[in-house]
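Working notes, beginning with the structure itself.
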Amino acid sequence: VIAIGAPEHSVVTTCAYCGVGCSFKAEMRGTTLVRMVPWKDGKANEGHSCVKGRFAFGYATHGDRITKPMIRASIKDPWREVSWEEAITHAASEFRRIQAQYGRDAIGGITSSRCTNEETYLVQKLVRAGFGTNNVDTCARVCHSPTGYGLKMTFGTSAGTQDFASVDEADVILVIGANPTDGHPVFGARMKKRLRQGARLIVADPRRIDLVRSPHVQASHHLQLKPGSNVAFINAMAHVIVSEGLVNEAFVRAQCDWAEFEAWARFIADDRHAPERLETVIGVPAAELRAAARLYATGGKAAIYYGLGVTEHSQGSTMVMGMANLAMATGNIGRPGVGVNPLRGQNNVQGSCDMGSFPHEFPGYRHVSDDSTRILFEHLWGTALSAEPGLRIPNMLDEAVNGRFKGLYIQGEDIAQSDPDVQHVTAGLAAMECVIIQDLFLNETAKYAHVFLPGSSFLEKDGTFTNAERRINRVRKVMPPLGGYSDWEVTILLAKAFGMPMSYNHPSEIMDEIAAATPSFAGVSFAKLDEIGSVQWPCNEAAPLGTPIMHVDHFVRGKGRFMLTEFVATDERTSRKFPLILTTGRILAHYNVGAQTRRTDNTAWHPEDLLEIHSFDAESRGLQDGDLVAIESRVGAIALRVKISDRMQPGVVYTTFHHPMTGANVITTDYSDWATNCPEYKVTAVQVRKTNGP
Ligand code: SF4
């Protein structure tokens, strides 16, 4: 129960929404949460907060919470409440039956970026050591997997380079495909403060986001790219820097592989990357591109901040490497005020990746085929482990449709709303014989589940989240789990029933195991976190108090590696039938699929997803504000109300994906990043027509 009244005591914990990772004092009256007060000693937020973390916590005790385990024989049957013991025993025996019938690799698991590091670690451990397969994946598959790939290839580690405080020293801020004031509001406010102090701003985004023009902030350049042209854009910027002699040769010679740089410089100097050759592809005049490149290269300390507008493309990984090339070529790495900084989405998406949620990597981003790492985990977990990378989420669904993948354990993830081409997702889920959902609510995915295990909110557990600046923050239990168990305890129950006992009395013991097996976490413990508040990995003997800025004297991989980033246009093209490009994003009031914020007063601000459309496209279709339109792509159709907006460019429309009834992912396609399968949410060819009903 959440009620108004004078607080009696407080518990410091971490917001469960975005990757900023704000610290809050949860003020309590008995076991009742009275209010969330931003904590002034929180290093990520320094006493600031946004409307989500401050006010939108009522979902935790919402009447929709499922607090009793449930099972059913088929997805056509009604749910039946059962004891924890019956639900867990049934789930484990179904998974054992499937493996006996179809083979070890016919099952898998999906970890949650909403859950703690410790919970994520346990799920991947259960899948690898208990199920005996590497079929484990995470929602980063659909957001920042290209970040993991691109930054590891170029710099040697799958994480952002800077702490948030670094922006206070930036002279030039390049924001690409991110909307920090809506998506990461507390960091967005910090960025705006620096801009008000005089830092110059370049925004590269198809939509005119708030940062472009807001009180006391005016971007020097808004490069209103055509969706799908990111790599052409970053190559044009690099071409200017190389061809106009703006490379920081001293930095490159000292820190990067010189031979690879020379090969890259020859590649990028080719005339096909010149702004004049690419301006119609990019949709920005060549002179504007040249001016922006010169500002980035010569304007002082230059920092790149980016979001899903970079990663969720067929060339998402290429674009991440293109940004890394730009930063290395200009020496904008390894000191305050510079860097390449992904604004990670969910509260613990960084942590879920760190903890080994990918099918090819153990905790700490070490490949499953690496013998020494695998032997280390075999000794630690007491069982033989597979050296073969497992299935990614889209491959699990493909295999399910093909009859070869039969069972999935999903902790805190709603793939039937969040993943692209929903029809394919639900076909895959419907083809499975046992889907186990562990969640707060009966979400869209639960419609295809056979076992429902009540999850626990961030208020009901101990553990840690890792934010976008690699900062490990403590999550502290504020109230008992409504279902009786925290998520980590549920995974332990499932593991035991599956025949793989795990013995942890507290999440601190799980972190101790993580630290023992993961060099970048070797110095992390709950005792240290409780003493100093938080710490940024790597935290080990060499850096006992953590690492705010990475790659200071040398890159993690040794020498920085320039990668050739050829632009390849997406196969998703406009046509006479589908003449507009749809792109998607978030707004301040809501978070992702809205499972939490839709169950708070934030829904009153934004009760439905809207389609933003430029006045030119609206007039040519006879549309006015509030009209209902059908939006059709080659994979599906939805209906939304129209909002005519000068934030858009002609030919591009935009919507959010917070409400399941309008389901933007019904129309997004199955195209994905070539390296990681991250879906191409940001480019969908559509037609928009006035309609009278869905
Ligand atoms: Fe929570 Fe992010 Fe808002 Fe901070 S900025 S309060 S972490 S949603």
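Here are the numbers:
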{"read-out": "Label-point separation, SER620 to ASP77 (7 Å along Cα→Cβ), nm", "value": "5.4"}
{"read-out": "Alpha-carbon centroids, region 313-361 and region 130-155: separation in whole Å", "value": "12"}
{"read-out": "Rg/Rh ratio calculated on Cα atoms of region 238-291 (Kirkwood radius)", "value": "1.05"}
{"read-out": "Cα-based radius of gyration of the chain once divided by 2.2 N^0.38 Å, which approximates compact folds", "value": "0.91"}
{"read-out": "Pairs from LYS152/LYS477; LYS40/LYS528; LYS52/LYS76; LYS125/LYS406; LYS43/LYS682 whose Cα-Cα separation, in the structure shown, is over 25 Å", "value": "LYS152/LYS477; LYS52/LYS76; LYS43/LYS682"}
{"read-out": "From phi via Karplus (6.51, -1.76, 1.60), per-residue ³J(HN,Hα) for region 24-40 in Hz, x at Gly/Pro", "value": "10, 9, 7, 8, 10, 10, x, 9, 9, 7, 8, 6, 9, 10, x, 8, 5"}
{"read-out": "Kirkwood Rh and Cα Rg combined as Rg over Rh, evaluated for region 64-113", "value": "1.02"}
{"read-out": "Sites ARG97 and ARG476 - FRET efficiency at Förster radius 41 Å, r taken between beta-carbons, to 0.05", "value": "0.55"}
{"read-out": "Label zone at ALA430, where the point sits 7 Å out along the Cα-to-Cβ direction: region 638-674 residues whose backbone N lies under 20 Å", "value": "638-639, 660-670"}
{"read-out": "Computed helical MRE - 222 nm, the chain, DSSP H runs ≥ 4 contributing -39500 (n - 2.57), nearest 500", "value": "-8500 deg cm²/dmol"}
{"read-out": "Amide H within-cut-off set for LEU33, under 5 Å, with H built and near neighbours excluded", "value": "ALA3"}
{"read-out": "Relative counts (whole %) of C-alpha pair distances in region 508-645, using bins that are 5 Å wide", "value": "2, 7, 10, 10, 9, 8, 10, 10, 10, 11, 8, 4, 1, 0"}
{"read-out": "Nitroxide proxy distance, nm - points 7 Å out along Cα→Cβ at GLU608 and LYS577", "value": "2.8"}
{"read-out": "Inter-label distance, nm, simple model (7 Å from Cα along the C-beta direction), VAL552/ARG272", "value": "4.2"}
{"read-out": "Calculated P(r) of region 475-589 - Cα pairs past 23 Å, %", "value": "63"}
{"read-out": "Cα centroid separation, region 636-654 to region 569-600 (Å)", "value": "10"}
{"read-out": "Within region 1-54: Cβ-based charge dipole about Cα centre, in debye rounded to nearest 20 (Lys, Arg +1; Asp, Glu -1)", "value": "120"}
{"read-out": "Taking all pairs of distinct alpha-carbon atoms in region 97-176, Kirkwood radius in angstrom", "value": "15.5"}
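Computed from the coordinates by the stated procedures, all read-outs in this text should not be read as laboratory data. If you're wondering where the values come from, they're calculated on a predicted model, not measured in any experiment. For neighbour counting, all protein chains shown are included, and Cβ atoms are generated from backbone atoms with ideal geometry for every residue, glycine included.
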